[in-house]
Amino acid sequence: MNRTITWAATAALALSPLALAASSTAAPSVHAKAAKTYSVTAKVNTDVAIAKEDTVKVKGRVTPKAKGQKVILQQRVGNKKKWTVTGSAKIKKNGTYKLTDKPTTPGSREYRVLKPGSNGIKKGFSKPVQVEVYRWENLAYRTAGPNTNITPGGVNIGAQFYGASLFTSTANTASTIEYTLGRKCIQLRATYALTDESATGATGAVTVSADGTVVANKALAVGTIFADETVDITDAFRLKIDATATAPATAPTAATAAVATPEVLCTR
């Protein structure tokens, strides 16, 4: 009985180095290193921009540092899945970079920055950052809704010509026009006045409403010009313009109220 136990113990001791060796071979080394990937951060200077006016600046840092190597700016607009390359820049000594983009079209867009792989380090991407881009559009060019006694066209105000404007067609007649904006616009800018063809003593008024809320109300007379005024129309679905132009008895048809070169700041 004792000899059996002693032999079994001896055999176990003899086999234990082999078992340990086999175990060591099968298990991955705890010191094995995973392949490195570039880490890229990115942030923008604004989350709202105006097409053809504002410049979007994208800044960040690359780790590990890669002085003199390039980072690539990518963007995609709206619901598009494909990323488009729109710029590149060199990484500075401290690992930072600066990229710029000047949007020309409206719409929601995402930016991200790519550091291509190099020196045995895999490529890395920053997290996407979003910017909403708006563009000024002439209101008179948009499809109008209900319209009574208001005509699009050019007008003369203060000896200056304003193209693509809205003006009353007939004096002493209630006038109105509506536009559907679909909650895609945030500002309206325009000039309000009686035209130069209006007789001395003529008067008028223009009221602008966004979904029934008055955002501009102008009392007009010859020589009174409300130039290039901007109002907030954020989240407006429907915009309505009401206007009147009252002619004096001496010239019963010579009165025209105008909303000159009205523009709305909209995204897609």
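By how many degrees, between 0 and 90 and to the nearest 10, does the Cα long axis of helix 2-26 differ from the longest principal axis of the chain?
40 degrees
Taking residue 218 as the anchor, which aspartates and glutamates have their alpha carbon closer than 20 Å to its alpha carbon, excluding any fewer than eight residues away along the same chain?
By straight Cα distance, residue 218 reaches 178, 196, 197, 228, 229, 232, 242, 263.
May I have the pair-distance distribution P(r) for the chain, computed from all Cα-Cα distances with 10 Å bins from 0 and rounded to whole percent?
Whole-percent P(r) values from 0 Å outward: 6, 21, 17, 13, 12, 10, 7, 4, 3, 3, 2, 2, 1, 0.
What's the local net charge at residue 108, with K and R +1, D and E -1, over the other residues with C-beta under 12 Å away?
Working: positive: 76, 80, 109, 184, 268; negative: 47, 110, 132.
Net charge around residue 108: +2.
Would you tally the net charge around residue 190, using a Cβ to Cβ cut-off of less than 9 Å, leaving residue 190 out, and scoring K and R as +1, D and E as -1?
Overall, the nearby charge balance is -2.
Read phi for every residue in the stretch 216-221 and hand back ³J(HN,Hα) as whole Hz from Karplus 6.51 cos²θ - 1.76 cosθ + 1.60, θ = phi - 60°, with x for Gly and Pro.
After applying 6.51 cos²θ - 1.76 cosθ + 1.60, I find 8, 9, 10, 8, 10, 8 Hz.
Rule-based calculations on the coordinates, nothing more; no lab input. Remember, predicted model here, so these are calculated numbers, not experimental data. All Cβ positions, even for glycine, are placed from backbone atoms using ideal geometry, and neighbour counts span all protein chains on display.
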